[in-house]
Amino acid sequence: MTTQLWLHQRTGADWLKDRNRAYLGDRPRVGKTRTLATALNETLGRGHHALVICPAIVRTHWRETLADVMGARNAESVLVASYDEIVRWGAEGRDALFEECFPDVLILDEAHLCKNMLAQRTQLILGREGYARKIPIVWAASGTPVPRHPGEWYAIGATMFPRTLLSHGIKRYEDFEHRFLIQREVMMRGVKRFKVVGLQNDEEFRDMLAETTLQRTLDDIGDEQPKLLWQVLAVDGDTTALQRGLKPVANVDAEFYKNPNASHIRKLVGLAKVAPVANLIVTQLSESTEKLVVFAHHLEVLDGLEQALVKAQIVCVRVDGSTSQRLRDARMLEFQRLPGVQVFLGQNIACMMGIDLSSASSILSVEPDWVATNNDQMGHRILGPNQKSKHVVTQMISLAGTIDDSIIRQNAREAAMQDRMFEGKP
């Protein structure tokens, strides 16, 4: 039986159906997959085909949603492939697909993954002979269309919306760069480069996005979704190993691009947080049946947390970059459906997009990402149809006086830029 659509999904599907090129930029966890699948079902004619390109971790979710919305037989006309598969196919595989089973509709899920104009996947999808240049209908989607700064939207914009860019007098990237980006010269590991530090002509940039993109926030959707609250939780950790490892570093709190040892520092800081975070989790869950999502960047940090939870007899499942797709699906399902599984341990990069962990009402981000929109993606994993709480919380764990301070400040700067780009907030 097909799941009933929320009102914003119905209006989103209708909006897509009216456009051959469109970007669905609804915030994470508001149901973009079902919106896209509904629009596809009502657009795709008999005997026609579609291609969905998405992160590997959400292929199963896409196939299940398509079968639910379109029916199992009709869903067979849609090929679901990951970005990694597209790269493995290469240009020859792409051309073979066009010859054998030409898609009428292309959906790019988490389209911000095509932000780098020089990357192979971007060239295969958005380049002169790419999928998006030849397929008649192309819908892109991402809860974070611009991960860090406006320049990362250009590759999608130039391919899908060239007329919009031209109407603003933009013919090439240099025009876009001069119009919208504020940059400053910095030294990054001994190399002089330009770093984007701000947005200019933000009202014009918002107008340009409004011509191409539909973006609804949780406030726009209203009571259909719970509210996500953000907190920074400072902890005290064992800094013995941390200080020993930092002897060669003059300034622990230096900006990332000024500190060649930042990656090493970040790992030591993460390890210093294992014990206090483990104690926090055990205290929180020892007499509770609630579920908790815990994200970390380093495998060693996940190892330490997993060992502490097992010792405390708290049942957890883990998904990291080495986990197979079959096990990822199984472990996410266990966490969602089995009451005794209380903790989901996830590696940031492996779990930040597309997955549903909404049986939990809170997240501990042990090692917050440098990129604000990546943290936003992770925070929204607990929003979804299974969420019963009106307010859900993501706590970013910080070890005060360390590189965590730089990460938190960087996130604040990028979040402010996002507000200016999409919501017109000063």
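Things to note:
- Full-stretch length increase - HIS264, VAL87 - with 0.36 nm per residue and alpha-carbon distance subtracted: 60.6 nm
- Share of alpha-carbon pairs per 5 Å distance bin for region 32-143, given as whole %: 2, 12, 25, 27, 20, 11, 3, 0
- Cα-centred dipole magnitude for region 6-116, charges only on beta-carbon of K, R (+1) and D, E (-1), debye, nearest 20: 460
- For the chain, averaging the sequence separation of C-alpha pairs within contact (under 8 Å, six or more residues apart) and dividing by the residue count gives a relative contact order of 17 percent.
- Taking every DSSP beta bridge that has both ends in the chain, the antiparallel portion is near 15%.
- Our Cα-only numbers for region 305-370 put the radius of gyration and Dmax at 11.7, 33 Å.
- Using 0.36 nm per residue and subtracting the Cα-Cα separation, the extra length available between ASN116 and ASN20 on full extension is 32.2 nm.
- Stretched out straight at 0.36 nm per residue, the stretch from ALA330 to VAL191 would grow longer than its current Cα-Cα span by 45.5 nm.
- Taking trypsin sites (Lys or Arg not before Pro) across region 34-133, the ones in a DSSP loop with at most 12 further Cβ atoms lying within 10 angstrom of their Cβ are ARG46, ARG128.
- With R₀ fixed at 22 Å, the C-beta to C-beta distance from VAL232 to ALA275 puts the FRET efficiency at about 0.70.
- Ordering SER286, ALA111, GLN183 by Cα displacement along the dipole of the chain toward the positive end leaves GLN183 in first place; charges were set at the Cβ atoms of Lys, Arg (+1) and Asp, Glu (-1).
- Only one residue of GLY198, LEU97, LEU165 has its Cα farthest out toward the positive end of the dipole of region 70-206, where Lys and Arg carry +1 and Asp and Glu -1 on Cβ, and that residue is GLY198.
- Once both labels are positioned 7 Å from their Cα atoms along Cα-to-Cβ, the gap between ILE349 and ARG184 label points is 2.9 nm.
- Classified by the C-alpha gyration tensor, region 269-337 has an oblate form. Its axis ratio a/c, with a ≥ b ≥ c, is 1.5 or above, and a/b does not exceed b/c.
- Rounded to the nearest 20 debye, the dipole size of the chain about its Cα centre is 460 debye, using +1 on the Cβ of Lys and Arg and -1 on the Cβ of Asp and Glu.
- For region 315-426, share of DSSP beta bridges that run antiparallel, in % to the nearest 5: 0
- For region 19-160, the relative contact order works out to 32 percent when only alpha carbon pairs closer than 8 Å and six or more residues apart are counted.
- Prolate/oblate/rounded call for region 1-78, Cα gyration tensor, a/c under 1.5 rounded: rounded
- Rg/Rh for region 318-426 stands at 1.00; both radii use Cα atoms, and Rh follows the Kirkwood definition.
- Measuring nothing but how far apart in sequence close Cα pairs (under 8 Å, 6+ apart) lie, relative to its length, region 290-426 scores a relative contact order of 26 percent.
- Alpha carbon Rg of region 95-172, scaled by the compact-globule rule 2.2 N^0.38 Å: 1.11
Any read-out appearing in this document is the output of simple, stated calculations on the displayed coordinates, not a laboratory observation. Predicted model, so just to flag it, every value in this text is computed and none were measured. Because the Cβ atoms are built from the backbone with ideal geometry, glycine has one as well, and the counts that use them run over all protein chains shown.
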